[in-house]
Amino acid sequence: MKSNSIKELLSTKHLLQEVTIKGWVKTFRSNRFIALNDGSTLNNMQCVVAFENFDEALLRKVTTGAALQIKGTLVESQGRGQSLEIQVNELIVLGTSDPDTYPIQPKKHSLEFLREKAHLRVRTNTFAAVMRLRSALSFAVHQYFQKNGFYNVHTPIITGSDAEGAGEMFRVSTLDQKKPPLNEDGSINFKEDFFGKETNLTVSGQLEAETYAMALGKVYTFGPTFRAENSNTSRHLAEFWMIEPEVAFNDLDANMDLAEDFIKEVITYVLDNCQEDLQFLEQRLLEEEKTKPQIERSDMALIEKLKFVTENNFKRVSYTEAIDILKNSTPNKKKKFQYPIEDWGTDLQSEHERYLVEKHFKCPVILFDYPAKIKAFYMRLNEDGKTVRAMDILFPGIGEIVGGSQREERLDVLQEKMKALDIDEKELWWYLDLRRFGSAVHSGFGLGFERLVLFTTGMGNIRDVIPFPRTPQNAEF
């Protein structure tokens, strides 16, 4: 007999039918009531056992975490807490679970403890809800781009270039670490390495995506990226996923239009399709907020915050205007900002970005035309020679969620910028070729997928929205 998912059974109208379900035991009460969950939904299926009809030795194996197959009749529940239940006719223990050593017991566990059990934490309601939402968001991302004429490009994970100019990259090498081949000056001879040159794990697929946009028109990447930044904050991972569209002939205004439309649509998708999990996570967040001082509590509940994004037009503000607003703001004048705003050219911190969104404009904000000196080399220089056609999208509670720009399409200007920043033209000869052969205005942006999941789920730590977090001193599982 085909087994049914609990999600489909809970929405069925066909009572008194014989059904088969498989799942893991959440609880077993009074030797009679099994709460079974198969991961398809937040809700458990109550399975009622007439214990006098079953072998006592078999029922002793029904412990929290055990995997079961149950056959029985689907009926309306007489008890409170569920609408349907299964009257059990047949029970098979597929896999036992020792109650003395199984770490995910039916009680409240700290998120720190669960990170140490990342292979089992998805069996908790919180992480199951987060990961179902992550999956739904991933689907919505691909759906948006595919229906809007974008082509998905798989850009390299191993690269010889540093797209961000950050220098904090993971090296990829097969050389003997104890006795690497050396040049005459004592430096490592990477010509003898596997790829014949120094290579690293990518920090971004953008530069390679640009090459495909300049032939296919509209492309996007959605893949893993890596940063060797020794940062242990709740906002940083060493391995994470990036969404990076690139569009030929789009200027910065069209780029901002695309980013706003994209974000609104993917968040609307989860609002329409993941209400059960969102409501659970919202309730969890409300309980968590009660333990915080009033000043640290969010002004909005989770679903309200998501609708704040989907139902408001994003306010577009130049960096220069934003600096003036921040400079003259009450928190800045009263020295309440941890990083006071003093001069034009300051790189904005999360506290400044959140002030603009949550206090000043009270809607999502797109900042544009940033100082060239705080942005990457590939961003198009404005006529003033001081600012570039960059844009960042700022959200409540999180600050920057998207960073993008109109790319510098003029060969001479790009070469000048690379020279000033000491970027070797030989390393990016192919990137410069895009400006030599059929160059045109083009734009794109990057959205860290985990930042999006963090915002959508209301979780407070980015390590809790990726299945197996990779952070400094941690590569378990």
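Values as computed for the structure displayed
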| item | result |
| --- | --- |
| Per principal axis, descending, Cα span of segment 160-281 in whole Å | 62, 41, 20 |
| GluC sites (Glu not before Pro) restricted to segment 1-102 and DSSP loop, no more than 12 other C-beta within 10 Å | none |
| Theoretical FRET efficiency, 1/(1+(r/R0)^6), r = Cβ-Cβ of His142 and Gln275, R0 25 Å, to 0.05 | 0.70 |
| Surface share of carbon and sulfur [accessible, 1.4 angstrom probe, percent] for the chain | 48 percent |
| Loop-located GluC sites (Glu not before Pro) in segment 163-226, at most 10 other Cβ atoms within 10 Å (DSSP) | Glu184 |
| The chain: antiparallel DSSP beta bridges as a percent of all, rounded to 5 | 90 percent |
| Charge dipole (debye, nearest 20) of the chain; +1 at Cβ of Lys and Arg, -1 at Cβ of Asp and Glu | 1440 debye |
| Prolate/oblate/rounded label for segment 112-171 (Cα gyration tensor, a/c 1.5) | oblate |
| Centre separation in Å (Cα based) which lies between segment 119-148 and segment 413-474 | 23 Å |
| Calculated FRET efficiency for the pair Lys334/Ser234, C-beta based, R₀ 25 Å, to 0.05 | 0.40 |
| Length-normalised contact order of the chain in % [C-alpha pairs under 8 Å, at least 6 apart] | 13 percent |
| Helix-only [θ]222 nm of the chain, DSSP H runs n ≥ 4, -39500 (n - 2.57) each, per residue, nearest 500 | -8500 deg cm²/dmol |
| Additional length obtainable on full extension of the chain from Asp257 to Asn382, 0.36 nm per residue less Cα span | 43.0 nm |
| Residues listed by number, segment 258-293, amide nitrogen under 17 Å from His360 label point at 7 Å toward C-beta | none |
| Under 5 Å, built H, 5+ apart or other chain: amide partners of Glu229 | none |
| Estimated inter-spin distance, Leu216 and Lys107, nm [label 7 Å along Cα→Cβ] | 5.2 nm |
| Computed magnitude of the charge dipole of segment 366-477 (debye, nearest 20; Cβ of K, R +1, Cβ of D, E -1) | 80 debye |
| Inter-site label distance for Ser173 and Ala440 at 7 Å from Cα along Cβ, in nm | 4.3 nm |
| Separation of the Ile325 and Thr268 label points, Cα + 7 Å toward Cβ, nm | 2.5 nm |
| Qualifying GluC sites (Glu not before Pro) for segment 369-414 [loop in DSSP, other Cβ within 10 Å: at most 12] | Glu383 |
| Cβ-defined net charge surrounding Val153, 11 Å radius [Lys, Arg +1; Asp, Glu -1] | -3 |
| Values of log10 I(q)/I(0), in the order q = 0.10, 0.19 Å⁻¹, for segment 32-178 under a Debye, Cα-only, solvent-free model | -0.62, -1.22 |
| Which listed pairs, of Lys307/Lys333; Lys22/Lys305; Lys334/Lys362; Lys7/Lys71; Lys147/Lys375, have C-alpha distances above 25 Å, in listed order | Lys307/Lys333; Lys22/Lys305; Lys147/Lys375 |
| Förster-model FRET efficiency, 35 Å R0, Asn125 and Gln17, C-beta, rounded to 0.05 | 0.80 |
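The values are calculated or read from the model by the stated rules, or taken from the named source; none is laboratory data. In this text, all values refer to a predicted model and were calculated from it rather than measured experimentally. FYI the Cβ positions are ideal-geometry reconstructions off the backbone, even for glycines, and counts take in every protein chain you see. With ligands, DNA and RNA removed, areas are computed over all heavy atoms of the protein, side chains included. Shrake-Rupley method; radii C 1.70, N 1.55, O 1.52, S 1.80 Å.
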